[in-house]
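Colleague: My structure is below; once you've seen it, I'll send some questions.
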Amino acid sequence: MTPDIAPDVLRQHLIDPEICIRCNTCEETCPIDAITHDDRNYVVDPGKCDSCNVCLAPCPTGAIDNWRQVARASAYTIAQQLAWDALPPPQAVDAATPADIPQEVARITAVATAGQGGAAAPPWSAAHPYVNLHTLAKPAVATVSGNFRLTDDGASSDIRHIVLDFGSTAFPVLEGQTIGIVPPGTDAHGRPHFVRLYSIASPRDGERPRYNNVALTVKRVTEDHAGKAVRGVASNYLCDLEKGATVHVVGPFGTSFLMPNHPGSSLLMICTGTGSAPMRAMTERRRRRIALKEGGQLMLFFGARAPEELPYFGPLMKLPRDFIDINFAFSRVPGQPKQYVQDVIRTRGADVVRLLRDEQCYVYVCGLKGMEDGVTEAFRDACRAHGLDWDALLPAMRAHGRYHLETY
Ligand code: A2P
């Protein structure tokens, strides 16, 4: 660990004294001697553990696989852990590190949600989001553990899946939240670069359960909205990162664009390009819980230039059809008519309106600013065709946390 750059919040590794059978396997396995014991408990030294997870698999009971987000200053000491009969309840770490949302983040969020008139209420059953645990003054330091190109080599866009590992630093996220990346260096005026926001593409428990990481879906920006050549500072920085590089991360952010947690809730998701990141996170959350048979439907409308330009095309195609109803809209496939997501929403109008009527269905729109009007018109038309008044429905959906839009 490097205390000089470590933030205030720690993801502390603990052993559950109620389940532990005191077999000594973890202490023998730990490569850095972070585990110790007395005649009562096996415990983890918060000053040594670097969350390498080597001890997890050999543990016969799972007692080793316990974590708490704690304020670093009040991490549980070895002496405290040795006295436990049971694990303590979770601490309220967000209250321990209050800080204002950076102005730049508030501005980006306001622009992103302007198309629906500002951020809506979150779904009533959404989990509690932590926000701004890591600030510009004290960013979290993540290590790049993967950087994979998602688009085909011949594709015109370079979209990447970038995995950031937070090691022993607590960085709790929920699907739909964003994190801020601070590109190193300064701009043409010698000022530090602004923070850039990216939606996380992983579910709350990371790319793999119990790995303390999140993935981002990043498109290398090489031109502006008008097609003029520009080099996006943050996107090029991220897309060029190599495995092992470190990145300064702030956040997490977002208290509205969150998924419902209650069984029976459905998701209607509409995205273009990298707007697929939150949809991947939510879909993956549901996929991991498929065996629980919680019910609810997933319907996805996904717009891209062509299949080879669509992030996560392969994994999406492998999902069971009775798990998710996928509708692609391709705009640049030679020999095929140009299609946008709004066209496909109209084609599937009856099913879309059935979901809009369903109070258990929550709608998420994410992608290009330009799609806002088209998608709104498609909803309005589909509603009109099936006896529903979109303009009356929208405010009610917003008030109940059922309609969420983020565009850029
Ligand atoms: P287009 O081929 O017209 O650019 P991108 O690859 O630039 O991220 O865009 C993702 C998809 O969103 C592309 O298929 C793109 O089509 C499409 N798109 C562009 N403008 C709109 C819009 N106004 N409404 C819906 N989709 C759009």
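Nothing in this text is a laboratory measurement; each read-out follows from the coordinates by a stated rule. Bear in mind that the values here come from a model prediction, so they are computed numbers and not experimental data. Please note: Cβ atoms are built from the backbone with ideal geometry, for glycine as well, and neighbour counts cover all protein chains shown.
Colleague: What percent of all Cα-Cα pairs in the stretch 159-269 falls into each 5 Å bin, going from 0 up to the bin containing the maximum distance?
Modeller: Histogramming the stretch 159-269 at 5 Å steps yields 2, 11, 18, 22, 19, 13, 9, 5, 2, 1, 0 percent.
Colleague: Let me ask you something else. How about the stretch 201-262: which trypsin sites (Lys or Arg not before Pro) there are in a DSSP loop, with at most 13 other Cβ atoms within 10 Å of their Cβ?
Modeller: Answer in residue order: Arg210, Lys228, Arg231, Lys243.
Colleague: Restricting to DSSP loop positions (anything but H, G, I, E, B) with no more than 13 other Cβ atoms inside 10 Å of their own Cβ, which GluC sites (Glu not before Pro) remain in the stretch 1-81? Kindly include the intermediate steps, with their values, before the conclusion.
Modeller: Details: sites: Glu18, Glu27, Glu28; in loops: Glu18.
Counting only loop positions with at most 13 other Cβ atoms within 10 Å, the GluC sites (Glu not before Pro) in the stretch 1-81 are Glu18.
Colleague: When you count, for each residue, the other Cβ atoms within 10 Å and take the mean per peptide, how do 157-164, 51-58, 275-282, 315-322 rank with the highest first?
Modeller: Going by the mean number of other Cβ atoms within 10 Å, highest first, we get 275-282, 157-164, 51-58, 315-322.
Colleague: When ranked by the protection proxy of mean other Cβ atoms within 10 Å per residue, highest first, what sequence do the peptides 254-261, 135-142, 174-181 form?
Modeller: Going by the mean number of other Cβ atoms within 10 Å, highest first, we get 174-181, 254-261, 135-142.
Colleague: On C-alpha positions alone, give me the angle between the axis of helix 276-288 and the longest principal axis of the chain, in degrees, nearest 10.
Modeller: On a 0 to 90 degree scale, this one is about 60.
Colleague: Shifting gears a bit: Between Asp358 and Gln103, what is the FRET efficiency for a Förster distance of 41 Å, r being their Cβ-Cβ separation, to the nearest 0.05? Don't skip to the answer; put the middle values down first.
Modeller: Working: r = 39 Å, r/R0 = 0.94.
Once rounded, the FRET efficiency stands at 0.60.
Colleague: Mind checking which lysines have their Cα closer than 30 Å to the Cα of Lys219? Skip sequence neighbours fewer than 8 apart in that chain.
Modeller: Leaving aside lysines fewer than 8 places away in the same chain, those within reach of Lys219 are Lys138, Lys228, Lys243, Lys318, Lys338, Lys369.
Colleague: Over the Cα atoms of the chain, what Rg and Dmax result, in angstrom?
Modeller: Considering the chain through its Cα atoms, Rg and Dmax are 22.6, 74 Å.
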